[in-house]
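As structure tokens, the structure follows; a few thoughts come after it.
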Amino acid sequence: MGFKISVIPDHPIYDSLPAVKIGSYQNPVPEDYRPFAQGRLAFGQEGFYLQLIAFEVTVSPFSRLRAEFSADGKKYFSLLIKESGLDEFSVWEKGELLWRDDEAAETVPIHGEDLQGEYWGGQALIPYETLLRIWPDFTFEAGKTIRGNLYKYSGDPKWKHWGSFYPIAHWDQENPFGEHGFGNFELVSY
């Protein structure tokens with residue numbers, strides 16, 4: 001069993017979707033800095049909808065949110081978001097870059113502030129046209145399973161940290177991302 005992703009007939013209402021908490025932080029984080037990040041996911045009318053949000057006392061220019069998913073166990077996409085919006089959309093296989101096209105995903109930045117600090121992130125749509133370019137034989141319907149992970153990390157020397165939804169065994173390796181850290185996500189209709 002994995003985290004459930006809604007398959008819906010239209011556009012998502014993000015607040016009604018279950019939240020994926022990025023809470024498995026591997027690097028010691030300073031006591032006065034506790035990153036919190038989450039994602040909300042759905043397959044809807046136009047494609048794969050993702051909302052990734054991080055809450056930080058002060059946003060570092062080194063902070064990133066990342067989503068990686070595979071539908072066939074071979075190719076996976078990587079969506080990288082920074083405070084100002086989309087940083088990169090790329091497709092990989094066995095750790096090798098196949099292609100990069102930052103226009104293959106539509107991203108709207110999210111910014112705000114509350115009593116606990118600042119929040120930032122993005123809402124992204126990866127159109128079915130892009131998904132079928134990656135996995136031409138996969139149908140995104142209830143009952144199917146995809147694999148992936150969500151990440152929050154920063155290389156800022158003051159608040160260096162790496163976190164994910166599914167735990168990563170070795171954040172210190174050359175590339176801690178990719179299929180070795182993926183877990184199951186079940187497509188459901190509710």
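Along region 38-49, what does the Karplus equation 6.51 cos²θ - 1.76 cosθ + 1.60 (θ = phi - 60°) give for ³J(HN,Hα), rounded to whole Hz, x for Gly and Pro?
Along region 38-49, the couplings run 8, x, 10, 10, 7, 9, x, 3, 10, x, 8, 9 Hz.
Extension gain S84-W99, at 0.36 nm per residue separation less the Cα-Cα distance, in nm?
Numbers: separation 15, 0.36 × 15 = 5.40 nm, distance 2.26 nm.
Once the chain is fully extended between S84 and W99, it gains 3.1 nm.
Ignoring ligands, DNA and RNA, how do H11, H161, H180 rank by accessible area with a 1.4 Å probe, largest first? Please report the intermediate quantities before stating the final value.
Details: H11 90, H161 0, H180 110 Å².
Descending accessible area places them as H180, H11, H161.
For region 75-190, with every protein chain kept in place, what is the accessible area per residue (1.4 Å probe, Å²)?
Numbers: 6080 Å² over 116 residues.
On a per-residue basis, region 75-190 sits at 52 Å².
Would you work out the relative contact order for the chain, in percent, from Cα pairs under 8 angstrom that are 6 or more residues apart? Please list the in-between numbers first.
Working: 463 pairs, mean separation 53.6, N = 190.
Reported as a whole number, the value is 28 percent.
In percent, what relative contact order does region 98-190 have, based on Cα pairs under 8 Å that are 6 or more apart in sequence? Let's see the in-between values first.
Values: 101 pairs, mean separation 22.3, N = 93.
It comes to 24 percent, rounded to a whole number.
Can you give the net charge of the other residues whose Cβ lies under 15 Å from the Cβ of L131, counting K and R as +1 and D and E as -1? It would help to have the intermediate numbers written out before the result.
Numbers: positive: K74, K75, R133, K144, R147; negative: E46, E68, D72, D101, E103, E106, E129, D137, E141.
Around L131, the surrounding residues sum to -4.
Express in nm, to one decimal, how much length is gained between M1 and A169 on full extension, taking 0.36 nm for each residue of separation and deducting their alpha carbon distance.
Contour length minus Cα-Cα distance gives 58.5 nm.
Going down the list K4/K152; K21/K160; K75/K158, which pairs span over 24 Å between their C-alpha atoms? All intermediate terms of the calculation are to be shown ahead of the outcome.
Details: K4/K152 20 Å; K21/K160 19 Å; K75/K158 35 Å.
From the list (K4/K152; K21/K160; K75/K158), the Cα-Cα distance tops 24 Å for K75/K158.
Using the crude model of +1 on Lys and Arg Cβ and -1 on Asp and Glu Cβ, and no other charge, please compute the dipole size for region 113-190 relative to its Cα centre, in debye to 20. Mind showing how you got there, number by number?
On the way: 6 positive and 11 negative charges, 26 e Å.
It comes to approximately 120 debye.
Explain nothing, just the number: dipole magnitude of the chain about its Cα centre with +1 on each Lys and Arg Cβ and -1 on each Asp and Glu Cβ, in debye rounded to the nearest 20. Walk me through the intermediate numbers first.
Numbers: 17 positive and 28 negative charges, 104 e Å.
The dipole magnitude comes to about 500 debye.
Just one of (i) 0.94; (ii) 1.19; (iii) 1.13 is Rg/Rh (Cα atoms, Kirkwood Rh) as worked out from the coordinates here. Which one is it?
(i)
What is the set of long-range amide H partners of Y25 at a cut-off below 5 Å, with H atoms built 1.01 Å from backbone N?
Hits under the 5 Å cutoff: S164.
When the helices in the chain are scored as -39500 (n - 2.57) per DSSP H run of 4 or longer and the sum is shared across all residues, what 222 nm value do you end up with, to the nearest 500 deg cm²/dmol?
Numbers: 1 runs with 7 residues, N = 190.
Estimated from H runs of four or more residues: -1000 deg cm²/dmol.
The values are calculated or read from the model by the stated rules, or taken from the named source; none is laboratory data. Because the structure is a prediction, the values reported are computed rather than measured. Cβ coordinates were reconstructed from backbone atoms using ideal geometry, including for glycine residues, and neighbour counts include every protein chain displayed. Each accessible area value is taken on the protein alone, full model and side chains, heavy atoms only, with ligands, DNA and RNA left out. Shrake-Rupley method; radii C 1.70, N 1.55, O 1.52, S 1.80 Å.
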